[in-house]
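Working notes for the structure below.
The numbers here are math on the coordinates, done by the rules we state, and not lab data. Quantities reported herein were computed from a predicted structural model and do not represent experimental measurements. Cβ placement follows ideal geometry from the backbone for every residue including glycine, while neighbour counts extend to all protein chains displayed.
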Amino acid sequence: MSWALTAAAVLVTALSAAGSGIAASLQALVDAAPAGSEVVVRGVVRGPVVIRKPLRLVGEAGAVVDGGGQGTVVRVEAPYVYVARLALRNSGSELNTEDAGVFVGAPGVVLEDLVLEDVLFGLNLKQAHRAVVRRVRMSGKPLPLNRRGDGVRLWYSQRVTLTDVQVEGMRDVLLWFTEDSVLHRLRVRGSRYGVHYMYAHRTPLLDSTLEGNAVGAYIMYSTGVRVEGNRFLHNRDVPGVGLAFKESDAVVVRRNAVVGNHVGLYLDATPMGGDGRGRFEDNVVAGNGVGAVLLSNVTGNTFTGNVFEANGETVRTEGGANARNRWWESGRGNWWDGYAGLDLNGDGVGDYPYRLRRWFESVADTVPTSRVLHGSAAVAALERAAQAVPLFPPHVVVEDQYPLVRAPVPAEFLHTERSGAFAAASAAVAAVGVTGIWLAARRRAWEVRL
């Protein structure tokens, strides 16, 4: 929309009203502004406000709209509205009315450079096609998880762009019946599901960090989703999954770091069948309790170029044997920290296949309650005994015909900056070692003199 102003800009000056420190209601000034005009907010003004015509609502430095603890702070009901450079705070607390920082119920709206504080829901977009949201930071109310609202909720909104959005201490970034949208450079911490897709087809998740949530991202009933360049870190609350898929087709998971979660990857009925294959390539799956969990209904995926390192359990299959996924492609497999083969010709591929065998997997498939013993000394002893004396052949969990002998870690996940703290700690350790050697040498000399 062209933003040629039809009238002079309306300036809302935050003069204290009867000593309250908050300016008079913003609503009357927005209602009086002609369509296509610009309302400029200065200081602290009183909300909530409903925008029913195309206009620009922008703030000068330090501008705040205070919702007064009632309803949604800014409600947009007209197309092509622009809201920017504002702090929006103090929404209502009712889940039934979905009190939010911003509600959008019309197409073509742009939200940028906003800070949302003390809000139940952050951004609530319904049938907000072609909305653009960028550089928005939000934090929720100090409520138990089951009383929080979603940081972002997209409902029946197509071709929406979210970029540079930060969410702290809210529920989900939820996409419901949303297609052909883009999530880019999100940062979600201390929430339930960092990102939650429900029937969100062809919507990529790119270059985001999902850290310290119950689940990093859960993608359900969605087709054609690309997950690339993200970090799923330390998601250890119940259930503690980094990246999960359920009944989704044609997914591509590429160049992600899945690190420090209770479960790194979790796949359930993905792909669902037909031609909708899944690809997992060039990911780093490290330091998780379990690197990957595949249910018995998971078939038709290709895993190649991934790094599996320092996971408590590398790959687990649940609900029966599963050998219907391919762990290599075109002569290139994955890097496994448990692989002990050689590469005599120096082509970067091991000369012998990698086979992950687990005797306990067969027992657990037959008696699921026995999984409570996983990680115990008894199970470890039985696994070693089964390898040494194979009276009962162990279950082959993974077979990679072309294991890699060098870990292909993407450059963006390598730490190259110098660390002063690490250097100081290393110097301290070295000093202790040198002192110990010196003291030991003096003691030996004294004993010789005796």
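Here are some notes:
- Computed Rg/Rh of region 243-315, alpha carbon atoms with Kirkwood Rh: 0.96
- Debye equation applied to the C-alpha atoms of region 161-298, log10 I(q)/I(0) at 0.20 Å⁻¹: -1.15
- In terms of overall dimensions, the C-alpha atoms belonging to region 26-176 reach 41, 32, 27 Å along their principal axes, ordered largest to smallest.
- Contact order, relative form, for region 66-181: 21 percent (alpha carbon pairs under 8 Å, 6 or more residues apart, mean separation divided by residue count).
- Neighbour cut-off at most 16 other Cβ (10 Å), DSSP loop, GluC sites (Glu not before Pro), region 179-247: Glu247
- Within the same chain, lysines fewer than 8 places from Lys53 are excluded, and of the rest, those with a Cα less than 24 Å from its Cα are Lys126.
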